[in-house]
Structures are given as structure tokens and as C-alpha cells.
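A short write-up of the structure that comes next.
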Amino acid sequence: MDNDILSLIQYLLATPFSSLEDMEKSSGVTRRQSLYRFEKLNRILKGEHVPAVTFSSTPDKKILLAPETQTALQDLLQRSGGKEAYFFSKEERLIYMYLLLFIHIDYLSLNHFIDALKCSRSTVLADFRELKAHLEESGIEICNNRKLGYYLQGPEVEIRRFMIQNVIRTLADRHGSQLFDTFIHDWKLDLFGYARQIIAELAQKWNIRMIEARLVEFIYIFIFLKTRLQNGVQNTLPFPDQVETETIPSLKEYDFTTDLLKQYSETGVFDESDIRYLTSWVIGISYGRFNENTKDRLLIGRMAKNIMLRFEALSGVHLTGNNKIFVQLYAHLRPAYYRLLFRLPIYNPICETIKNEYGELYQLMTETLKPFSVMFHGEIPDDEVAYLTIHFAAAFSKARAEAPVRRKKALVICINGVGSSTILYNELTQMFPELKFLPPCDTSHWEDLRTEADIIFTTNQTPLHTADLTIPVIRVNPVMSVSEKAGINRKVHQWLGTRVPSQPDVDAVMSIISKYAEIRNYDHLYHELLSYFSEAELPDTPSEIRLHLTDMVWPEIISLHLHASNREEAIRMAYAPMLQQHCILDKYVDEAARTESGYMVIAKHIALPHTKPEAGAISCALGICVLDEPIRFGNQENDPVKYIFALSAVDNSTHLTAMAELIRLFNDQDFFTLLDTADDPDEVMAYIRSHL
């Protein structure tokens, strides 16, 4: 069997449920070449008296292997040399070639690549062209001269970064290290097992707890980097400007690194920047412990606190005071800080999944981290953002699991006594299963129950006589029409901060019917359809609610062209319409106005005041207030404030989708131009609806 067939057998055994296209991409072959290889393999299998490899009839052409065929392939591989006969896919060939360039042997010729890869000259040259194209994106060149042969040229940070990315992604994708073990064996590099033993002993000595998967990555990276430096590459790393890196020599991870280098000969080639670089890697694969009094503890702790504060400010979620979340964030942030400082890459295999499953949180986290990217001279990679997102998502999930579920209580008051309220009571309980209804009462006894109620339904058309009533009062008829039910439904769901259950548009349905049928009694049919759609069965226990921005903003709480003399007056003006709409209580406004002003200014000229739900939030809402004359809020970087987005949130999760949508609007300059020029709140609402 030739190398192509052996490589195909290895692929089929490693990925038994792949498609023909998957195999072609992995091997870098055309459809004609792949079918030719399968034809050759099937001739061999015929001699083994087992079924041939076939393909499904579906468009993706899944590769189909019978159990006895799979057994025969394993036997063929063993007879051809077993695991020692390792043949590379095209992707693995490119990685092998880069590692060979990276370790920088004395003179590297084309024959070194041909012999090591067991490929033809034309295949190696084609692979070279593809590798060069990949490297150009990172500013790295493959050069060749008579003295050195083939070698890499470019920023040393990027040359190392490309090697590290290849190691991390290969180990993550394949869950194995055969490619690197083969390379180490071929070029007689330091053994993985020896390095692992030394590192384990030193980790115990210095009380460093490493993440297992990251440790395997580090060992291979250390072996390849040490070989490169021992082979004479002298290229001092550009050192980060941050003063904080001066604390690195005082850390136990630095002592660990110097001890590690002492275990090997010829490590005097590691200069101070290399030692700090390796130290940052050691920290980057370790757990951060807040209870350890390290010299960087204050820096990392302050950063963790500021991330929590900014996330709170942007999301309306309140986490401060939760020491457990802070300690967990610190544990993740300390290694992440050093990875970012030295631009050490990571690979998050579930990054795209996190973006899809936790889209709102991911957007909020991206915006949260923007000011911190200045510390690292570049944007924070998506993989790091995704890990932080899942950290916060886990905190939310735990908080939701531990939080007791409280159903809001409703009170039904009937002017004609309890007996006549029975029909109304039954109607309302069916309409709003998410509410817990107290026993109905008449007007003479309602004061006894008012402290227990969160909302009141009453048939009394005159105001209830009390000066301090702060809960919503919905006035209803004892027997409601279909249209009245629809109106009350909207009011209650607006107060709850939930979406009105979607119903078909009766006018649209009537229009369709009239095209194809003669309607004898238009009004009766209209009302019967309206009744039928309105009485659609609702679930007994509502699923987790996700409000959109259009659920939390409406024209009545949008205020344009206002004038305020100071910060507190501006905040109170922004919340005033929300008070009138029974979204919040007075004490909520008082608490929001007392909040540290710098904390609520989240971007240039934008303030997002809010406080904890228990301060008096009745429903989820977002008031928009635009000042003609900006006001200073005490935030040196982002003052003065012209746009105030007054938030009311009833918990830590219901409004997150809306906040993610708001963040997108914050990055839309046309939105703020409209706020400056609009005279009618309906214009603002129309813009929001059309841009989400």
C-alpha cells in the first residue's frame, strides 16, 4: 500500500462518520483523486473478503463502513506498521513544515521536507505556497538563501504566536498529540514525558495548580520554543509598556520558570524577556487564587471589580456584593490578564456556540471589555470574551436556580359585592395564569388585603380613596367584551414587563377570507374570530421571559428637548414619565439619583442610570431623555451627558436581550442624530423598530 492509501485508512478509522467532502478537505485532494483512492482501497478490501467502502445517496455523500470493514482496516494498518506508520493529512503537513522552520536547524533544505513528510517534490512545493499565504496574514515570511536554507522572518512575537496557535488548535481538534510526538521523535527533541515529570515536581514545590489540558499545550510549546532558542535565534521580544510587568520577577511562577530552565542544558540563551514570557504562560495555564497575597493581587482584583461594575452599568444587572462571583472572576481573570499582556493565544472550541447560545450576554461582555483593551494595545480576542461570557452565564444560571420563584399577587374588587365578582374572577384567572389571585373582595374590605397585592382589578370606575396607593389599578367591567379583554391583556403584560402572547391579525385573516369566499355577516365573523384567537390556551407555567427593546420603550416614556440645571434634576426628569406609567416607585428614582454618577456614564455623552430591583422597580422599562444642553455628571472621560436612558429592571435576566439591542443602537450614530432632531417620540419608536 502506498502512503495515500495508508493516510486514507487512518482518516477513516479516526473519523468514521465523515463525508466524502470532509475527507477531501482534510487531505487536500480533488473529487477525482479521492474517488481514485477509494477505488484502490476497495480493491484491497475485496482481497480481504469484506464489504467495500460506500457512500450514502444524500447530497453530502456520507462515508459508510460496515463493522467487518472497519475491523479489516484496523488489521491492514497494523500489518503496515501500526501507529508507527503515521501519515499526515494536508493540514498536518503544513503544521509539521512550520514547526521544522520554527526550530531553526542549521541548514534547512527542500530535501529535509521531502524526506520527513514522505511526499513528492511537487506536493511539498504546493504545500509551501499554501503555508506562505497563511503566514503573510501574520506578517511572517518564508525566506531562503545559501547560508541558512529555509527560515522564518518577521516579528518574533508573531512567529511564536503562530506556533502556539497551531499547537493549541491541533490538540483541541484532534484530542491527541501524535503529530507532535512524531515530530519530536523525528528531530530528536526533548521527550514529552521527561518535561511533564519535571513540571509536575516543580508545580508541587511552588504550589501552582495547573489546568490539565493547558499543561499539555504548555509542554509542547516549551519544547519547541526551547529548541528554537538553543538553535541560535536571538531576537529579544518587544516588552509591553505597562509598569505592572515589573512585578513578574516577584511572583512564584517566575521562580518556577527559572527552576524549570535549570533542569536543561544550554538554557542560558533565555534572556529576561524570554523568562517573563514563559512565566506569563505558566500563569496563563494556572488557576488564580484570590486568597494568595501576590504582588499583582491588587491590580487583578481592581480589574475584576471594574469589569463587574461596568457590566452592571451596561446591563442593569447587579452583582456587586456577591463575593463568590468576584472570587470566581478573579480566578479566571489572573491567567487571562497575562495571556493578553503578552498576546498569548488561546483556542476556545465552543466560542461560536457561546455566541449563539448566549448572544445577548456575549454582546454585553464585548462592550464591557472595550475600555480594558487599551491596557493590552489591541482588541481582546473573541475566544477570551467567550470564556468570560460563559463565566457570567454560569453565575446567572446559579442565581436563577437559587432564587425563589415569586408569582405576583392580584386582587379583584367588585363594587357590587363578592357574588357578582365570580364571573370576573374566573375570567381573569384564565387570562393571567402567571398571577396568583387573592380571594375576591368588595370595596368595604379591600384595604385589609391591599398590602398583599401587587396589582388590583376593580369594577369601580371612580378612584380608590387612598393617598399612598403605589400599585397599578386596572379598571374592568364585570363582563368583558373581546376587545376589552385585548386591551386589559396589553396593560397587564406591559406592567409585568412581558410580551403579549402573539395572536393572528384578525383584519389580515378577514382580508384573506374575503378574497375567496362570500361573507354573509361580516361583523359576526369578525367578532367570532377575535374571540377565538383571544381565547387561545396559555401555558400554565410561562417559560423564561426575554424582552426586546420595543417591549421596554414606548412613546409615553420618551422625553425630547428637555432642560435640566444639574445631574440629579436630569435623572429625575428622565424617570418622571415612568413614574406616571407605574413602572417604578418614587423610592426607585431617589435611589437611582443617589448612585455614583461616574458609574452610570457608560460612553461619550451617554448615561444609563438604574438601581437594584428591590428599590422599587414594578416593571421592565427604559425611558429615553434627550437634553438640549448637556450636563456634567462627574465622569472626566465621557462628560458632558446629553442622552439619558433610564432603566427599570425587575430581575437580572428578563431585560438582557433588550440591553444587547440597546448597545447596538449606541454604535449607530444616526440614532443619536435622530434624537437630536426629532420632535415627536413616535419618530424615535419608528427608528428603533426599523433598526432592530
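None of the figures in this text is laboratory data; all of them are computed from the coordinates on show. Here the structure is a predicted model, which is why all the values come from computation and not from measurement. Note that we place each Cβ from the backbone using ideal geometry, even for glycine, and neighbour counts take in every protein chain shown.
Some notes on this structure:
- With Cα atoms defining each centre, region 11-73 and region 149-215 are spaced 33 Å apart in the structure.
- In this structure, the amide hydrogen of Leu108, modeled 1.01 Å from its nitrogen in the peptide plane, lies closer than 5 angstrom to those of Gly149, Tyr150, counting only residues at least 5 positions away or on a different chain.
- Scalar couplings 3J(HN,Hα) for region 52-60, obtained by applying the Karplus form with A = 6.51, B = -1.76, C = 1.60 to θ = phi - 60°, are 6, 6, 10, 10, 6, 8, 6, x, 7 Hz; x denotes Gly and Pro.
- Measuring nothing but how far apart in sequence close Cα pairs (under 8 Å, 6+ apart) lie, relative to its length, the chain scores a relative contact order of 8 percent.
- Rh (Kirkwood; distinct C-alpha pairs) - the chain, Å: 30.9
- Low-density loop cleavage sites - trypsin sites (Lys or Arg not before Pro) in region 146-200, where at most 16 other Cβ are within 10 Å (DSSP): Arg146, Lys147, Lys188
- FRET efficiency for the Gln636 to Asn323 pair, using the beta carbon distance and R₀ = 35 Å, is estimated at 0.75.
- 10 Å Cβ shell holding at most 14 others, DSSP loop, GluC sites (Glu not before Pro): longest site-free stretch of the chain: 380-517
- Debye intensity ratio I(q)/I(0), log10, region 297-402, q values 0.11, 0.20, 0.21 Å⁻¹ (C-alpha model): -0.31, -1.11, -1.24
- Considering only Ala172, Gln74, Tyr254, and ranking their Cα positions along the charge dipole of the chain that arises from unit charges at the beta-carbon of Lys, Arg, Asp and Glu, the one farthest toward the positive end is Gln74.
- Lysines with Cα under 30 Å of Lys188, excluding same-chain neighbours fewer than 8 positions away: Lys83, Lys90, Lys118, Lys132, Lys147, Lys205, Lys226, Lys262
- Aspartates and glutamates with Cα under 15 Å of Lys436, excluding same-chain neighbours fewer than 8 positions away: Glu427, Glu452, Asp454, Asp540
- Considering only the chain, percent of DSSP beta bridges that pair antiparallel, nearest 5: 55
- Cβ-Cβ FRET estimate between Glu357 and His134, R0 fixed at 22 Å, reported to 0.05: 0.15
- Under Karplus coefficients 6.51, -1.76 and 1.60, residue-wise ³J(HN,Hα) of region 292-305 in Hz, glycine/proline x: 8, 8, 8, 5, 9, 4, 5, 4, 5, x, 5, 5, 4, 5
- Which of Thr279, Thr245 has the fewest Cβ neighbours within 10 Å, and the rest in rising order: Thr245, Thr279
- Amide H within-cut-off set for Phe457, under 5 Å, with H built and near neighbours excluded: Leu411, Val412, Ile413, Ile474
- Taking N as its residue count, the alpha carbon Rg of region 229-381 over 2.2 N^0.38 Å: 1.17
- If you take all other residues with their beta carbon under 12 Å from the beta carbon of Arg93, and give Lys and Arg +1 and Asp and Glu -1, the sum is -2.
- Mean projected area in nm² (Cα convex hull; one quarter of hull surface) for region 101-244: 10.7
- J(HN,Hα) series, region 372-379, from Karplus relation 6.51 cos²θ - 1.76 cosθ + 1.60, nearest Hz, glycine and proline x: 7, 5, 4, 4, 10, 6, x, 5
- Residues whose amide H lies under 5 Å from that of Ser559, counting only those 5 or more places away or on a different chain, are Ile624, Cys625, Val626; hydrogens are built 1.01 Å from N in the peptide plane.
- Between region 249-265 and region 661-692, the Cα center-to-center distance that results, in Å: 56
- Taking every C-alpha pair closer than 8 Å and separated by at least 6 residues, the mean separation divided by the residue count of region 92-166 gives a relative contact order of 36 percent.
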